[in-house]
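What follows is a short report on a single structure.
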Amino acid sequence: MTVTLFAQPYDHSATGFFFENANTFATKAASLRNAHGQPVEEFEIQFIDGAATDAALVDTTGLHQGDITAFFEKIGDWDEDQKRTVIIGAGACGYAFDWHTGCPEDFDVDIYEMESLRELAEYFVDEGLFGDIPERLQGYLDYDAIARDLGFDYSEIEISGVRMIYRCC
C-alpha cells in the first residue's frame with residue numbers, strides 16, 4: 001500500500017506539499033520558496049494516507065524530514081510483525097529508535113497476538129511453561145488468577161485492529 005505524507009513548512013508564508021516517496025520529497029523541498037523568495041528548509045512531516053500500521057509507526061517514532069529516505073526504505077522491507085515490534089518497542093516500552101540505524105530486532109520485546117491475558121495464561125499452561133500439568137487437573141486451574149499475575153509483567157495493546165499482549169524485557 002502506498003503511504004502519502006505531507007510536508008508542512010514551518011515558514012507560514014510557504015505552502016506545503018504531498019509526497020509518496022523520498023525522491024518526490026527531495027525534489028519538491030529543494031524547489032519550494034517562501035513569500036520572500038527564500039528557500040524553505042524545515043518541515044513538519046504529517047501522515048495523510050496509508051496502512052494504519054504505517055500511521056502508528058509515524059506517530060510512535062516522531063518521523064522528521066531527515067528520516068524520509070530511511071522511512072520509505074524500511075516500511076517497504078518490513079512485514080506487519082516487524083512494524084508492530086517497532087511500534088511497541090519505541091512507543092509502549094520507551095526504547096530509543098533511529099530510522100537510519102534501527103531495526104525491529106533491536107527491541108527485546110515478547111509479543112503474542114491474543115485477545116486477553118487469560119488467553120495468554122491458557123496458552124502458557126498448554127505450552128508447559130508452568131511445568132507438566134496433567135490434562136485432567138487443568139480444569140481446576142484458576143486462569144483468571146494466572147492472568148492477573150501475568151498482568152504485572154505483560155500489557156495489552158491494539159494496533160491496526162489487532163489485539164496483542166506484550167512484555168518489555
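The number of residues in the stretch 116-145 being aromatic (Phe, Trp, Tyr) and open to solvent by 60 Å² or more (accessible area, probe 1.4 Å) comes to 3. For the stretch 1-30, taking the residues that are open to solvent by less than 50 Å² (accessible area, probe 1.4 Å) and in a helix (DSSP H, G or I), the one that is nearest to His100 (Cα to Cα) is identified as Ala22.
Would you confirm whether any residue within the stretch 40-61 is on the phi > 0 side of the Ramachandran plot, modelled with pLDDT of 95 or more and either of a type in the set (S, T, N, Q) or surrounded by fewer than 18 Cβ atoms within 10 Å (Cβ to Cβ) (or both)?
At the first step, the residues of the stretch 40-61 found to be on the phi > 0 side of the Ramachandran plot are 50.
Next, from what is left, pick out any that are modelled with pLDDT of 95 or more: 50.
Among the residues that remain, those that are also either of a type in the set (S, T, N, Q) or surrounded by fewer than 18 Cβ atoms within 10 Å (Cβ to Cβ) (or both) are: 50.
Looking through the stretch 40-61, at least one residue is on the phi > 0 side of the Ramachandran plot, modelled with pLDDT of 95 or more and either of a type in the set (S, T, N, Q) or surrounded by fewer than 18 Cβ atoms within 10 Å (Cβ to Cβ) (or both).
Taking the criterion of being touching a helix residue (DSSP H, G or I) at 6+ places or on another chain (Cβ under 7 Å) and aliphatic (A, V, I, L, M), the residues of the stretch 1-34 that qualify are Val3, Ala7, Ala22.
Considering the stretch 62-71, and only residues there that are open to solvent by 30 Å² or more (accessible area, probe 1.4 Å) and of a type outside the set (Val, Ile, Thr), the residue that is nearest to the chain's Cα centre (by Cα) turns out to be Gly62. Within the stretch 72-115, track down each residue that is among the β-branched types (Val, Ile, Thr) and either free of Cβ contacts under 8 Å to residues at least 24 places away in the same chain or open to solvent by less than 30 Å² (accessible area, probe 1.4 Å) (or both). Within the stretch 72-115, Ile75, Thr85, Val86, Ile87, Ile88, Thr101, Val109 meet the criteria.
Somewhere in the stretch 31-49, is a residue assigned to a helix (DSSP H, G or I) and not polar (S, T, N, Q)? Break it down into steps so the answer makes sense when it comes.
The initial filter retains those residues of the stretch 31-49 that are assigned to a helix (DSSP H, G or I), namely 31.
Next cut, not polar (S, T, N, Q) only: none.
No.
The values are calculated or read from the model by the stated rules, or taken from the named source; none is laboratory data. Computed from a prediction, not measured in an experiment: that's the story for all the values here. FYI the Cβ positions are ideal-geometry reconstructions off the backbone, even for glycines, and counts take in every protein chain you see. To get the accessible areas, we keep the full protein, side chains included, count just its heavy atoms, and leave off ligands, DNA and RNA. Shrake-Rupley method; radii C 1.70, N 1.55, O 1.52, S 1.80 Å.
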